[in-house]
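> Before I ask anything, here is the structure I am working with.
The values are calculated or read from the model by the stated rules, or taken from the named source; none is laboratory data. None of these values were measured; they are calculated from a predicted model. Every residue, glycine among them, receives a Cβ derived from its backbone with ideal geometry; neighbour counts consider all protein chains shown. Note: accessible area is taken over every heavy atom of the protein model, side chains too, but ligands, DNA and RNA are not part of it. Shrake-Rupley method; radii C 1.70, N 1.55, O 1.52, S 1.80 Å.
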Amino acid sequence: GLPPLTGRERAVPMTVLRRERPVDAQAAPGAGADADLVTVDTGYEMEGRVWVANRGAATTIRIAARMDAAALTNEHYLAYDEPLAANESLHMESMDLPSGAIVTVRSASGSVSFSFIGKQRVGDANF
């Protein structure tokens, strides 16, 4: 069997503890303007959803995830000119983002609110 514990072995190493904090970010960019909704801090990973609420007439939206703070290019788009009906609300499936990632949003009309709701953890976390 295993030897008895002396007391020191019962301590939980600090590396086992996980630091986690909530993320709640909002943006309502003007018509045709890109806005960075959320940026993952260095040394952290982020998990969450983008929520979209159209406050006006039908429009289109764009949502991009840029890894390593890269300049926005075509390969980053998760949604590109996606139609959004008047007064429609929706959310994307949950996404996992690595350290340094940036979620960028845009609407054609400027009458759309975007939110990212989730949590950010120390970067060695497994989602």
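> Go through 115, 107, 99, 111 for me and flag whichever is open to solvent by 40 Å² or more (accessible area, probe 1.4 Å) and either of a type in the set (Gly, Ala, Ser) or touching a residue at least 40 places away in the same chain (Cβ under 8 Å) (or both). If you could, list the steps in order and put the result at the bottom.
Working: 115 fails: open to solvent by 40 Å² or more (accessible area, probe 1.4 Å); 107 fails: open to solvent by 40 Å² or more (accessible area, probe 1.4 Å); 111 fails: open to solvent by 40 Å² or more (accessible area, probe 1.4 Å).
None of the other options fit; the residue is 99.
> In region 57-68, is there at least one residue being surrounded by 14 or more Cβ atoms within 10 Å (Cβ to Cβ) and in contact with a Lys or Arg (Cβ under 6 Å, 6 or more places away or on another chain)?
Within region 57-68, one or more residues are surrounded by 14 or more Cβ atoms within 10 Å (Cβ to Cβ) and in contact with a Lys or Arg (Cβ under 6 Å, 6 or more places away or on another chain).
> Let me ask you something else. Provide a single number: the residues in region 52-108 that are assigned to a strand (DSSP E or B) and either within 17 Å of the chain's Cα centre (by Cα) or hydroxyl-bearing (Ser, Thr, Tyr) (or both). Write out each step before concluding.
Quick first cut of region 52-108, residues assigned to a strand (DSSP E or B) only: 52-54, 59-66, 77-84, 89-91, 95-97, 102-107.
Retained after the next criterion (residues that are either within 17 Å of the chain's Cα centre (by Cα) or hydroxyl-bearing (Ser, Thr, Tyr) (or both)): 52-53, 59-66, 77-80, 89-91, 95-97, 102-107.
Residues that pass the stated criteria total 26.
> With respect to residue 107, determine if the residue is of a type in the set (Ser, Thr, Tyr) and in contact with a Pro (Cβ under 8 Å, 6 or more places away or on another chain).
Numbers: of a type in the set (Ser, Thr, Tyr): yes; in contact with a Pro (Cβ under 8 Å, 6 or more places away or on another chain): yes.
So residue 107 fits the description; yes.
> Output the qualifying pairs, or none if there are none: Cβ atoms under 7 angstrom, residues six or more apart or on different chains, first residue in region 32-46 and in contact (Cβ under 8 Å) with a residue 12 or more places away in the chain, second residue of a type in the set (Phe, Trp, Tyr) and assigned to a strand (DSSP E or B).
37/114; 37/116; 38/116
> Of everything in region 70-96, what is open to solvent by 60 Å² or more (accessible area, probe 1.4 Å) and either free of Cβ contacts under 8 Å to residues at least 12 places away in the same chain or under 14 Å from residue 36 (Cβ atoms) (or both)? Give them in sequence order.
71, 74, 75
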